[in-house]
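Asker: Would you mind keeping the following structure in view while I ask a few things?
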Amino acid sequence: MKVKIFFFIFFTSVTLNIKAQYFEAIGNGHGINSGGTVYALSGDSANHLLYVLGIFETADDTGYNGNCIWTGTQYESLFNFFNVPATIPHTAKWGDTTVIVWDHSIRLMNGKQLLQALPQTDGEINAACIFNNELYIGGGFDYAGGVYVGGIAKWNGNSWQNLGAGLTGSSSYTIDALGSYNGELIAGGMFTEIDWVHANNIAKWNGISWDSLGNGILWGGSIAFIQSIQEFQNELWVTGAFDSAGNISCNGLVKWNGSWSLPTNCPLQLGVYTAMAIYHEKLYIAGHFHNQSYTTTGYLISYDGTSFGYLPINNQIAWNGWVNSLCSFDNYLYVGGTFDTLGVPTYGIARFSDDSMNNIHEVSLSNNEIIIYPNPALDKLTVSSTQSAIKTISITDILGEELVQSFEFTVQSLGAQINIASLAAGIYLIKLYFNDGNMEVRKVVKN
């Protein structure tokens, strides 16, 4: 969002800009080895650890064979039941149990302890989720534990159970994403038929039968790729690589609440959305996007139920790389994928905290007395300094989003009145840079 803030009295060469950095590396900052990728992250709050899974050899220069845990201070070995298959791991939370699926294997974990290894499938598992306190898996398999399930199965506590006939119509169909919405299981993937019901790449299971979600999701009028499914504020959000949902055109991001619709004012409309997670009551969406000239860049955007925002990286909003996984854990949003930097060197794994929203510290690097009033303010703020003329002001929201354009003024006093009527209610930072080289940061509240 950009709005104009008008100054009525009177600074020299006032430039308003934004510089923010919220990502940080974990461990010694070396991350995973060059060429490696983090595909799945899952937090275990009971044991205070983060599962880090992917195709990599080292984390912080120590060998972990594609699977390790982050304890909050260091990486530690998980175990070597995985032999780094050339497939993508997935996870699901089942109370205090973490479900890890990788290739044909399904493991139930509590911390570093293996609770149970469930009967394997005869093909790759692409998704897992917990629905009505039961474990569901989906993928490109026909059998699970010797039971024919057709690409999707439920664990009943003793054995795998089918959901109708599963995927029908073609042996090449797959389930690639699982979730839930409005009391029903949602399955997305590459298929046009499930349990003999026509459904274009996405379907719902009510416990008895399958049904389509309208006309479904398509890419070029045929098979699409659905990457992730997430319920947020009573709507079902779906990401992937597709260009239509129902009767509307789209570009990899849509939502469903009985009919398909586009998210309003989404800032990115070209590319592939790769991961979603809810963190501090916002929906975060990662993706690899391209503009009309097909310049490709990675982004992370957030949605609070009303509007979208970019998650800034240093003083930018983009990175070169790919995000495969987002995980809200231990008051952080963890990001895993294939990238070298997110504002700082991170190498495949990093984390973000928006604690600054509630813990913004006012910084003083000068002896100037700063007066800002009224605070909280409704329409106008008055800013003044007793010692030195202010040269530059930077006004940001707490996520570092750019709010203003640049203006120049003539010095006539040490005070300024700022019109903030068009800003939304919330917390903002005012950074004041002085002619003598000093700087001040103040927190203001807009009612």
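The values are calculated or read from the model by the stated rules, or taken from the named source; none is laboratory data. Remember, predicted model here, so these are calculated numbers, not experimental data. Please note: Cβ atoms are built from the backbone with ideal geometry, for glycine as well, and neighbour counts cover all protein chains shown. Surface areas here come from the heavy atoms of the whole protein model, side chains and all, with no ligands, DNA or RNA. Shrake-Rupley method; radii C 1.70, N 1.55, O 1.52, S 1.80 Å.
Asker: What is the sum of charges, Lys and Arg at +1 and Asp and Glu at -1, for the other residues whose Cβ falls under 15 Å from the Cβ of Thr87?
Answerer: -3
Asker: Could I have the simple spin-label model distance between Leu262 and Asn47, label points 7 Å from Cα toward Cβ, reported in nm to one decimal?
Answerer: The two pseudo-label positions are separated by 4.5 nm.
Asker: Using amide H atoms built 1.01 Å from N in the peptide plane, name the residues 5+ places from Asn215, or on other chains, whose amide H lies under 5 Å from its own.
Answerer: Hits under the 5 Å cutoff: Gly246.
Asker: I'd like the accessible area for Ile229, computed on protein heavy atoms only with a 1.4 Å probe and all protein chains in place. Round to 10 Å², please.
Answerer: For Ile229, solvent-accessible area is about 20 Å².
Asker: Also: Quick check: net charge around Phe131, other residues with Cβ under 15 Å of its Cβ, Lys/Arg +1 and Asp/Glu -1?
Answerer: 0
Asker: While we're on this one: By the scheme Lys and Arg +1, Asp and Glu -1, what is the net charge of all other residues having a beta-carbon under 12 Å from that of Val254?
Answerer: Combined, the nearby Lys, Arg, Asp and Glu give -1.
Asker: While we're looking at this one, here's another question. If you keep only loop residues by DSSP, which chymotrypsin sites (Phe, Trp or Tyr not before Pro) in the range 142-238 have at most 10 other Cβ atoms within 10 Å of their Cβ?
Answerer: Sites meeting the loop and neighbour criteria: Trp196.
Asker: Report the accessible area of Ser422, computed with a 1.4 Å probe over the heavy atoms of all protein chains in place, in Å² rounded to the nearest 10.
Answerer: 70
Asker: Give me, ordered by chain and number, the residues 5 or more places off Asp195 or on other chains with an amide H under 5 Å from its own placed amide H.
Answerer: Ala165, Gly166, Leu167, Thr168
Asker: A further question on this structure: Under the Karplus relation 6.51 cos²θ - 1.76 cosθ + 1.60, θ = phi - 60°, what is the ordered set of whole-Hz ³J(HN,Hα) values for the range 24-40, x standing for Gly and Pro?
Answerer: Along the range 24-40, the couplings run 9, 6, 10, x, 7, x, 7, x, 8, 5, 4, x, x, 9, 8, 9, 9 Hz.
Asker: Say the cut-off is 30 Å between C-alpha atoms; which of Lys93/Lys443; Lys282/Lys443; Lys112/Lys154; Lys255/Lys446; Lys93/Lys255; Lys154/Lys255 go over it? Mind showing how you got there, number by number?
Answerer: On the way: Lys93/Lys443 38 Å; Lys282/Lys443 23 Å; Lys112/Lys154 25 Å; Lys255/Lys446 32 Å; Lys93/Lys255 23 Å; Lys154/Lys255 26 Å.
In this structure, Lys93/Lys443; Lys255/Lys446 exceed 30 Å between Cα atoms.
Asker: For Ser34 and Thr62, FRET efficiency with R0 = 25 Å and r from the beta-carbon atoms, rounded to 0.05?
Answerer: After rounding to 0.05, the efficiency reads 0.95.
Asker: Hey, another quick one. Got a sec? What order do Leu213, Leu218 fall in by accessible area at 1.4 Å, biggest, i.e. largest, first?
Answerer: Descending accessible area places them as Leu218, Leu213.
Asker: Tell me, what % of the accessible area of the range 224-279 is carbon and sulfur with a 1.4 angstrom probe?
Answerer: Working: 860 of 2020 Å².
Using a 1.4 Å probe with all protein chains present, the range 224-279 comes out at 43 percent carbon and sulfur.
Asker: Nearest 0.05, what FRET efficiency do Asp340 and Leu114 give at R0 = 41 Å with Cβ-Cβ as r?
Answerer: After rounding to 0.05, the efficiency reads 0.80.
Asker: List, in order, the whole-Hz ³J(HN,Hα) value for each residue of the range 54-62 obtained from phi through the Karplus relation with A = 6.51, B = -1.76, C = 1.60 and θ = phi - 60°; use x for Gly and Pro.
Answerer: x, 10, 7, 9, 9, 9, 6, 6, 10
Asker: Amide H neighbours of Asn33 under 5 Å, at least 5 residues apart or on other chains, H built in the peptide plane: list them.
Answerer: Amide H neighbours of Asn33, under 5 Å, 5+ apart: Glu57, Thr58.
Asker: Roughly how many nanometres apart are two label points built 7 Å out from the Cα toward the Cβ at Ser222 and Glu76?
Answerer: About 5.0 nm separates the two model spin labels.
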